[in-house]
Structures are given as structure tokens and as C-alpha cells.
Amino acid sequence: MKNQHRTSIIVFACLLLVLGFLSYSVIDRLLNTKTFESVDRETEVFQIPQHPYSEKEAETAGNAFPLEYPEDGKFTILWGTDFHLRRGPFANRDKIYSLLEKAFAETDPDLTVITGDLLFSFNGKAMLSEFAAFMEKNKQYWAYCLGNHDGEYTYTRKQLASQLAEYPHALFSSGEDWVLGESNYVITLTEQGKPVQALVFLDSHDARAYAKRIGPDYIYPSQVAWYRWVSEGLGKVPLYTFFHIPLPEYKELWESGKAEGLQHDSKINAPLENSGFFEAMVEDGDTVATFCGHDHLNDFSGNLEGIELVTGRSASYGSYGASDFPKGVKTLTLYRNKTPFAMHTYTIDDWQL
Ligand SMILES: [Fe+2]
């Protein structure tokens, strides 16, 4: 009888814990998901500049950064995604920094790219400063496009974006005023100062209210127009494009069976409506590949209509993962004289971290 009583108390306590956790998750989602309900892909108003995109003007305005191609004709990008830096229990920030230190030593990157959800914190500013200081200490140039969780709590995406100006190794810009979002900018890879390839970064925002439910947000028409404007201004220059949330075409690619890799997340969390960015890239013809994060347990790539669509290997120490999906990073090696590129995945198992 006594034992029965004890079991009931334990079961009741467990139920309370589960209920508490579920309520917290729902309340947190409702309070902290930022939606852009005032503007949508039909109603956004913007004005494309009359003059063509000029690389020099963009550089002067701080919206583009040139990096000279290394002499051996190979440009190495260390690509990481969804670190979810935060404080509190099981935050594991030291593990992320160890992973990166190992990656710097092993791969000697020319640039590190973070495709969003770098932060997942009530004090995103402190986490961002810590990360930026770490990159300064390691003398590593880095680029970053915002994910849905970066500006989720105390600080807005705008506040976070303005914070990176003081770090010389952070190649980051909010972007042109007429373009929606906070990380729409370009890194131009140059040869003797002349653009030969470009990396384009886009803010894929947070979430939006669709007709029936809230879902991942999309790339807005002003961003699509900006992309076309930049691509036209740069001329026939191959583009490699980075953003956080997968485009609907990633889902199409996976469902076609032509992708290689893993889909261990329950689904591909793409926007519920298609805002036409992929179609614009196909029509423009300069995009070699796109790279996204967001779904921590997906890691696949494949070609759709001539564009290589790639999802990242997440190192989501501060958020969900799975024991059969080792965290990691990738290198992308771009070549001065050919496209596409070489890609290599490094996991914590490979490096025994
Ligand atoms: Fe995300």
C-alpha cells in the first residue's frame, strides 16, 4: 500500500513536470515568435534604385566586402549553422568553441559562414559579443545571416545587427534600407580587385501567419529584387547564396528522391507559400548553389534546375539534436577557375571531440 502511494506520487510529479514543460513551450512560442503580419509578398512596397548596382558604391556604403582570392585559386569556407548560443543548463558553449578551434586548425578557412540561429538566448547581445570576440581572438573573418531564433527574445534583429560594426573580422551588414531584413549583403571574391565570384547573404526572417497557421517566413519581393539587381550589376559572376530557412524547393528536391544525404527531422520546415526566390535565381542564371540551416537533423544536397541546394550539418549544442546525428561543420572549397565546388563534412566523431 505504501509502495503504491509512493508510485502514485512519482507518477503525479512526472506528469506535472511534463505538463509544465509543455505549457512553457507553448507560451514561449506564442510570446516570442515574431511574425510579419503587416506586410506580405503581395503587399510589400519598395523602390528599386534607378541606377545599376555598383560594387564600389556597395563597398563604400558597407553593404559589400571584397576578399581577394588566394593565389592557389582555392577559397575555403568553413560553414557552420544553428549553434544556438545561450546560457543555462546544457548550453555547451565551450563545446562549440572547441569544435571551431579544431576546425580552424584543420581546415584553415579563408572565411567562416554561419547560416543563422547562432543565438538562442534571453541575452542575445552578450552571446553575440562573446562569439564576435572569439572570432577576433582567432583572427577569423566571418559572415552571418540571421535565423529565426537570433532575434527571438530581449533584443530585436535590428539591435543585434548594429552590434557587429565594432568587430573588424565580422563581415556583416544589415543591407540596403529598401530591402526587408537585417542581413542582406554581399562578399565579393576578387582577383586583382575585380569581382570573379560572390557570396550573397539573405535574411530569411522568423515566422509568419499564413491563412491556417503560423509557419516559417519567406524571402520577400524586395529581397528578390535586390538579388536580381546585385546579380545584374556584377555581370556574369557565379553566385553562392546563404540563408537560414530552406526554400520550398528543398522539399521538392528531397521528395523527388534526387537528393543525397539525410532527412532525420520529421519534415523540411520550409515556408508554406512560395515567394518565387528560387524561380528568380533559375531565371537569372548566375547562382551555382544555395546553402541553408534551420532543420538540425537534415543534411542533404542535390541539384534542382541547375542549382545545387544544400542543407548544413548543424552543431546545435544549445538546442535539439539526436544521438545518431553527430554535430559538425562543413567546408566548401570554391575554385577560381571552375564551378561548382567541393564540399566536405566534419563531425565531432571524426575529430573525437
Ligand atoms: Fe531555425
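The condition of being in contact (Cβ under 8 Å) with a residue 12 or more places away in the chain and in a loop (DSSP other than H, G, I, E, B) holds for GLU273.
The residues on offer are THR331, THR290, and the sole one that is assigned to a strand (DSSP E or B) and touching a His at 6+ places or on another chain (Cβ under 6 Å) is THR331.
GLN223 meets all of the listed conditions (1) at pLDDT 95 or above; (2) within 15 Å of the ligand (Cβ to nearest atom) but one, namely (2).
For the stretch 264-289, taking the residues that are under 19 Å from the mean Cα position of the chain (by Cα) and within 16 Å of the ligand (Cβ to nearest atom), the one that is surrounded by the fewest Cβ atoms within 10 Å (Cβ to Cβ) is identified as LYS267. Residues that are under 22 Å from ALA103 (Cβ atoms) and away from the ligand (no atom under 16 Å from the Cβ) were ranked within the stretch 150-167; the one that is surrounded by the most Cβ atoms within 10 Å (Cβ to Cβ) is LEU164. Out of all the residues in the stretch 243-263, which are of a type outside the set (D, E, K, R), surrounded by fewer than 24 Cβ atoms within 10 Å (Cβ to Cβ) and under 16 Å from TYR218 (Cβ atoms)? Matches in the stretch 243-263: PRO248 only. Considering only residues in the stretch 148-170 that are over 24 Å from LEU189 (Cα atoms) and in contact with an Asp or Glu (Cβ under 8 Å, 6 or more places away or on another chain), the one that is modelled with the lowest pLDDT turns out to be GLU152. Residues considered: LEU16, LEU22. Of these, the only one that is more than 24 Å from the chain's Cα centre (by Cα) and modelled with pLDDT of 65 or more is LEU16. Return yes or no: is ALA133 over 27 Å from VAL237 (Cβ atoms), out of contact with any helix residue (DSSP H, G or I) (no Cβ under 9 Å at 6 or more places or on another chain), modelled with pLDDT of 95 or more and among the hydrophobic types (A, V, I, L, M, F, W, C)? Spelling it out, ALA133 is indeed over 27 Å from VAL237 (Cβ atoms), out of contact with any helix residue (DSSP H, G or I) (no Cβ under 9 Å at 6 or more places or on another chain), modelled with pLDDT of 95 or more and among the hydrophobic types (A, V, I, L, M, F, W, C). Note on the stretch 42-149: enclosed helices (runs of 4 or more DSSP H) holding 2 or more residues that are within 16 Å of the ligand (Cβ to nearest atom) are 124-137.
Within the set LEU78, LEU67, the sole residue that is at pLDDT 95 or above and within 25 Å of ASN148 (Cβ to Cβ) turns out to be LEU78. Considering (1) of a type outside the set (S, T, N, Q); (2) at pLDDT 95 or above; (3) on the phi < 0 side of the Ramachandran plot, say which one LYS139 fails and leave the rest. The one condition LYS139 does not meet is (3).
Name the residue, out of PHE341, PHE278, that is of a type in the set (A, V, I, L, M, F, W, C) and assigned to a strand (DSSP E or B). Of PHE341, PHE278, the one residue that is of a type in the set (A, V, I, L, M, F, W, C) and assigned to a strand (DSSP E or B) is PHE341.
Counting only residues that are of a type outside the set (A, V, I, L, M), touching a strand residue (DSSP E or B) at 6+ places or on another chain (Cβ under 7 Å) and within 22 Å of LEU118 (Cα to Cα), the stretch 233-288 holds 12 of them.
The values are calculated or read from the model by the stated rules, or taken from the named source; none is laboratory data. What you see is a predicted model; the values in this text were computed from it and never measured. Glycine gets a Cβ as well: all are built from the backbone with ideal geometry, and neighbour counts include every protein chain shown.
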